[in-house]
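Read the figures in this text as sums done on the coordinates, not as results from a lab. Quick caveat: nothing in here was measured; it's all calculated off a predicted structure. As a convention, Cβ positions derive from the backbone with ideal geometry for all residues, glycine included, and neighbour counts pool all protein chains shown.
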Amino acid sequence: MRISQYRCVACGNCIPVCPMGAIYIDPVRNRAAVNEDECVECYACFRGMSKEHLFPPMVRGIRRVARAFRFRFDPEPDICPTDALVPQELSWPRIVRRAFSDPQVPHESTGIHGRGTAEVKTNDVTHRVKEGEAGFVIEFGRPGVGARFREIQKMTRRLATAGVEFEKNNPVTSLMTDPGRGLIREDILNEKVLSAIVEIKVGLEQVPSILRLIRGVSRELDTVVAVGVSTRCDSQGDDPLAALLEGEGYAPYRGKTNLGLGRITRQAAV
Ligand code: SF4
Ligand code: SF4
């Protein structure tokens with residue numbers, strides 16, 4: 001995202017709209033500007049604000065006169081008075097930022113829609129996580145912090161050494177050059193996104209060690225990490241996951257229980 005230096009009247013309305021704090025007023029130019037290294041191309045500023053099309057020199061003139069006479073001439077707080085926010089034509093690798101940050105665009109760069117998959121929400125028809133297995137979703141960057149792929153790769157590399165299976169249909173996995181080693185494409189490592197989700201599957205017996213690994217690595221990262229763990233219940237509706245989580249000091253609760261009423265898309269390997 002860029003801000004037209006001709007159109008901007010430095011009202012500052014767009015500053016609190018940016019979840020990354022990437023917009024600032026340049027005191028020398030007296031215009032708003034975007035720190036492009038921090039901007040994740042989420043388009044919250046562009047889409048979240050109403051636009052007026054006032055003539056910029058006229059607005060600046062009125063604001064100067066208003067200052068001189070000690071009254072204010074400010075637009076309503078949700079308005080960019082001069083339509084100064086200008087989306088850029090994004091090319092690779094920057095376009096990855098938008099794919100992971102703007103919920104309204106499909107993952108054109110990865111070929112996969114959304115930040116993650118349906119995870120276990122559709123497990124009763126996909127049989128992705130079977131009895132005796134646990135699915136992990138590891139989310140980076142939310143809320144309001146963002147994450148660079150370089151940080152995410154620190155986690156995926158360590159997970160790979162533990163022998164986890166990365167979900168093939170996940171957007172981050174699709175950007176890996178070597179899932180066996182958890183390596184992400186070199187050319188996107190410096191790209192920053194609003195959030196990204198890594199999805200893995202392990203045997204239930206690995207849950208404690210993987211939780212410890214994630215907790216340890218997350219302390220080294222320059223972002224925030226949230227983790228969800230899921231499994232398949234047995235025929236009685238019971239599961240051994242709660243005891244494993246409690247053993248690691250987490251207070252578990254069933255966030256969701258899904259009943260599969262759809263067409264089975266992948267046969268259970270039972
Ligand atoms: S809302 Fe528009 S005019 Fe006001 S500071 Fe932001 S870009 Fe400039
Ligand atoms: S596109 Fe998003 S991150 Fe970039 S300046 Fe606008 S609100 Fe901030």
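Could you let me know the centre-to-centre spacing of the stretch 177-225 and the stretch 1-57, using Cα atoms, in angstrom?
One Cα centre to the other: 33 Å.
Given the DSSP H assignment, sum -39500 (n - 2.57) over each helix run of at least 4 residues in the chain and divide by its residue total; what's the result at 222 nm in deg cm²/dmol, nearest 500? Can you show the working numbers first?
On the way: 8 runs with 65 residues, N = 270.
Result for the chain, helices only: -6500 deg cm²/dmol.
Can you tally the net charge around residue 219? Count Lys and Arg as +1, Asp and Glu as -1, for every other residue whose Cβ sits under 14 Å from the Cβ of residue 219.
Charge balance in the 14 Å sphere: +1.
Compute the Rg to Rh ratio over the chain from the alpha carbon atoms, using the Kirkwood formula for Rh, and round to two decimal places.
Working: Rg = 23.2 Å, Rh = 21.1 Å.
Taking Rh as the inverse mean 1/r over Cα pairs, Rg/Rh reads 1.10.
Between 0 and 90 degrees, rounded to the nearest ten: what's the tilt of helix 149-161 against the longest Cα principal axis of the chain?
Roughly 10 degrees between the two axes.
Given a Förster radius of 35 Å and the C-beta distance between residue 125 and residue 220 as r, what FRET efficiency does 1/(1 + (r/R0)^6) yield to the nearest 0.05?
0.40
In the Gaussian network model of the chain, springs joining C-alpha atoms below 10 Å, which of 128, 219, 150 carries the largest mean-square fluctuation?
219
Could you rank the peptides 135-142, 24-31, 248-255 by their average count of other C-beta atoms within 10 Å per residue, with the highest value first?
135-142, 24-31, 248-255
For residue 233, what charge total do you get from the other residues with a beta carbon under 9 Å from its beta carbon, if Lys and Arg give +1 and Asp and Glu give -1?
-3
Counting Lys and Arg as +1 and Asp and Glu as -1, what is the net charge of the other residues whose Cβ lies under 14 Å from the Cβ of residue 87?
+2
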